[in-house]
Amino acid sequence: MPEKPTVLPPDFCRIYGSVYFERDPRKQAGTQFTIYEETEEAFANLVVYKEDNKLFADAPGLWYPAPNRDFADFVVFVSPNRNLADFGVYFTKIRSFAGCKE
């Protein structure tokens, strides 16, 4: 009997570390993901906590805002249009709430 394939979480569930937020549509081609900032946690795929120290951004949903693209582990484009985004994020003020909801 064949084994069932393992279901992996979506790639965005693995984003952590330093993240640069690109807002210029002309530079979107050089980004790894397109996100939409949700206003409500219920609609988000990923709940993100912004870390003040890069060393503590060591789990999915823990992001350290990188000062520029060159020092970022991930570069995401922030879209003003939910329909054009790969996934939605909600920024929380409580660290323990961060993580993937998928």
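Count of the stretch 81-98 residues, restricted to those that are surrounded by fewer than 17 Cβ atoms within 10 Å (Cβ to Cβ) and in contact with a helix residue (DSSP H, G or I) (Cβ under 9 Å, 6 or more places away or on another chain), is 3.
For the stretch 33-71, a residue qualifies if it is within 12 Å of the chain's Cα centre (by Cα) and surrounded by fewer than 16 Cβ atoms within 10 Å (Cβ to Cβ), and the qualifying residues are Lys50, Ala59, Pro65. With respect to Gly99, is the statement that it is within 17 Å of Phe12 (Cα to Cα) and either hydroxyl-bearing (Ser, Thr, Tyr) or within 10 Å of the chain's Cα centre (by Cα) (or both) true? In short, yes.
None of the figures in this text is laboratory data; all of them are computed from the coordinates on show. Remember, predicted model here, so these are calculated numbers, not experimental data. Ideal geometry is used to build each Cβ from the backbone, glycine not excepted, and the neighbour counts take in all protein chains shown.
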